[in-house]
Amino acid sequence: MPSRSVLREPGMPLLVLMTGLGFSGYAALLPVAPLWAVHGGAGSVGAGAVNGVLMLFTVLTQLVVPRALRLLGWTPVLGAGMLLLGAPAALFALSDSLSLILLISAVRGMGFGVLTVTGSALVAELVEPARRGQAIGVYGLAIAAPQILFVSGGPWAVEHLGYGVIFAIGLLPVVGAVPAMMLGRRVDHVPDPTEPPPYLSLLRPMALLLAVTLAGGALITFMAPMSDSALLSTLALLCMTAVAAVARWKAGGLADRHGARAFIWPLVLLTVVGMSVVAWAVRDPQATTAWALLLGATIVGVSYGGLQNLTLVVAFESVSRPHYGAASAVWNVGFDAGTGAGAVMIGLIAGGSSYSTAMLVGGAVSLLTVPLALARPRLR
């Protein structure tokens, strides 16, 4: 195993810089754009639609990014993606009209779709397979750090510093267009595929990812309303997101040394355990069991972060080099679809029964994927 840091691989510092700037702009506005809509008079439905539109256009764009890379090349696609994500943030300052905010969110979603697919595909392009897990871990840290900082701190910054500061942070992806285009020139030589992507071989890692992000998305969405303490909810989410960042980082080295498969099924079972503990913690809506909620959120954080890394490793192992873009697109669709499904499905179940029951169902979905976790796929 090479001893030098994976950050010394050519192109990796540029990828980390592009990712950090892009996700800073994305994460800063994720909680604040809905608040800006409420500031303009929108109700809960309008506020909820802001990030709903963002993610809708993200997923729609992710589906076409591989084809865009083949037709246009990496440099223009990367540059355009960063500009689409960052530049529209300046328009928030013009008006808090819901219609304008939704339009801005749609355009930014297109840019975010480009960033997510190309970013993870670039990891596979820049780093040899023997060190790919470590590289995915470092890439995951570049994603997670801005989200830990800005998703939790965004509302506080608005209250104490004003919306203008957050809108300015939202422009950071524009700066990231520079390293993005430098990266593009490094990989524009990637060969075009001569055969269709093997989508069937990508369904397994996508299904495993979808199940764990359904659980994680449920906790992120409903942690506040299902707890009797705002402070406790904040601490639980901090535990989950911080542990997930470390797990995503550390899982890479383990996958490089021992293979990803050895760790996937234990992490799937860990999701089931964590969601069960959370369900027990919130069984009484008026008296949340604090230690259990923190423990359950931490356990889910381990599997949430670890499986993000490992399923991406498996996705890249399942395809040849010309199909890395397609593998990245499928993985990202699984991530975002799982997050969205967690919010919708768990919300419906909680509305008809209780949050405790809904958390158990979320864990049961992961339990259903155990056979997939134990299967031995054919890898390229």
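Can you tell me which of 153-163, 135-145, 41-51, 337-347 comes out highest on packing, and rank the rest after it, using the mean Cβ neighbours within 10 Å? Could you put the intermediate results ahead of the total?
On the way: 153-163: 13.6, 135-145: 23.0, 41-51: 15.8, 337-347: 19.8.
Per-residue mean Cβ counts within 10 Å order the peptides as 135-145, 337-347, 41-51, 153-163.
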So, in nm, how far is label A207 from label V370 when the simple model puts each one 7 Å beyond its Cα toward the Cβ?
1.5 nm
Linear extension gain, A90 paired with M182, 0.36 nm per residue minus alpha-carbon span
30.7 nm
Counting Lys and Arg as +1 and Asp and Glu as -1, what is the net charge of the other residues whose Cβ lies under 11 Å from the Cβ of M55?
0
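What order do you get for 254-260, 281-287 when each peptide is scored by the mean count of other beta carbon atoms within 10 Å, highest first? It would help to have the intermediate numbers written out before the result.
Details: 254-260: 18.4, 281-287: 15.3.
In decreasing order of mean packing, 254-260, 281-287 become 254-260, 281-287.
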Across 5 Å bins from the origin, how do the percents of Cα pairs in the range 109-237 run, short distances first?
2, 7, 10, 17, 19, 16, 13, 8, 5, 2, 1, 0
Which entry in (i) 0.99; (ii) 0.95; (iii) 1.15 is this structure's computed Cα Rg over 2.2 N^0.38 Å?
(ii)
Going 7 Å from the Cα of A224 in the Cα-to-Cβ direction, what parts of the range 333-377 have a backbone nitrogen less than 20 Å from that spot?
339-351, 355-356, 359
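Between V165 and R257, what length comes free when the chain is fully extended (0.36 nm per residue of separation minus the Cα-Cα distance, one decimal in nm)? Let's see the in-between values first.
Numbers: separation 92, 0.36 × 92 = 33.12 nm, distance 4.35 nm.
Extra length from V165 to R257 when fully extended: 28.8 nm.
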For the range 325-380 and the range 32-67, compute the distance between their C-alpha centroids and round to whole Å.
21 Å
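Under a point-charge model restricted to the Cβ atoms of Lys and Arg (+1) and Asp and Glu (-1), what is the dipole moment magnitude of the chain relative to its Cα centre, in debye to the nearest 20?
Working: 19 positive and 13 negative charges, 201 e Å.
The calculated dipole for the chain is roughly 960 debye.
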In whole Å, what is the distance between the alpha-carbon centres of the range 167-239 and the range 89-122?
15 Å
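Share of the range 168-276's accessible area from carbon and sulfur, percent, 1.4 Å? Can you show the working numbers first?
Working: 3500 of 4850 Å².
On the range 168-276, the fraction of accessible area on carbon and sulfur atoms equals 72 percent.
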Electrostatic dipole magnitude of the range 11-137 [Cβ: Lys, Arg +1; Asp, Glu -1; Cα centre; debye, to 20]
220 debye
Among the complete DSSP H segments of the chain, which ones combine at least 15 Å of alpha-carbon extent along their axis with a mean Kyte-Doolittle hydropathy of -0.5 or more?
12-29, 44-62, 74-86, 98-126, 132-161, 172-187, 199-226, 230-258, 261-281, 290-317, 324-352, 355-368
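Over the range 58-174, average the accessible area per residue using a 1.4 Å probe and give it in Å², no decimals. Walk me through the numbers before you get to the answer.
Details: 4310 Å² over 117 residues.
Spelled out: the 1.4 Å probe surface of the range 58-174, per residue, equals 37 Å².
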So how much accessible area does F222 have, in Å² to the nearest 10, using a 1.4 Å probe?
30 Å²
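Determine the calculated [θ] at 222 nm for the chain from helices alone, applying -39500 (n - 2.57) to every DSSP H run no shorter than 4 residues and normalising by the residue count; nearest 500 deg cm²/dmol.
Working: 16 runs with 302 residues, N = 380.
Calculated mean residue ellipticity at 222 nm is -27000 deg cm²/dmol.
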Which percent of the accessible heavy-atom area of the range 299-380 goes to carbon and sulfur, probe 1.4 angstrom?
68 percent
Provide the solvent-accessible area of V175, counting protein heavy atoms only and rolling a 1.4 Å probe, rounded to the nearest 10 Å².
80 Å²
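The values are calculated or read from the model by the stated rules, or taken from the named source; none is laboratory data. Predicted model only: the values in this text are computed from it and were never measured. Positions of Cβ are generated from backbone atoms using ideal geometry, with glycine treated the same way; all protein chains shown enter the neighbour counts. Protein only, heavy atoms only, side chains kept; ligands, DNA and RNA dropped before computing areas. Shrake-Rupley method; radii C 1.70, N 1.55, O 1.52, S 1.80 Å.
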